[in-house]
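The values are calculated or read from the model by the stated rules, or taken from the named source; none is laboratory data. Predicted model only: the values in this text are computed from it and were never measured. Only protein heavy atoms, including side chains, enter the accessible area calculation; ligands, DNA and RNA are left aside. Shrake-Rupley method; radii C 1.70, N 1.55, O 1.52, S 1.80 Å.
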Amino acid sequence: MCKEQPPPNATSIAATEIKATDLRTHTRNVLERARFQGERFVVYTYRQPMAVLIGVDEYQRLVALSREGK
């Protein structure tokens, strides 16, 4: 289903690749992993990255960081 991708350099954040069709089949599991385990996913369609899925806590942290930078 998912494939862990190591970061290509020190500034990258590791994320798990998942096909959109696999996400459709395993939505609840993926959402729970993002929310409760802090896992990040890059969703692919036709071998192209289409979206990133992160848990709400991570999202709120990123929003707060963005606001601090303004």
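Within the full protein context, the accessible area of Arg35 is estimated at about 100 Å² for a probe radius of 1.4 Å.
Here the range 13-70 is treated as a sphere whose radius is the Kirkwood value from Cα pairs; by Stokes-Einstein at 25 °C and 0.890 mPa s it diffuses with a coefficient of 203 µm²/s.
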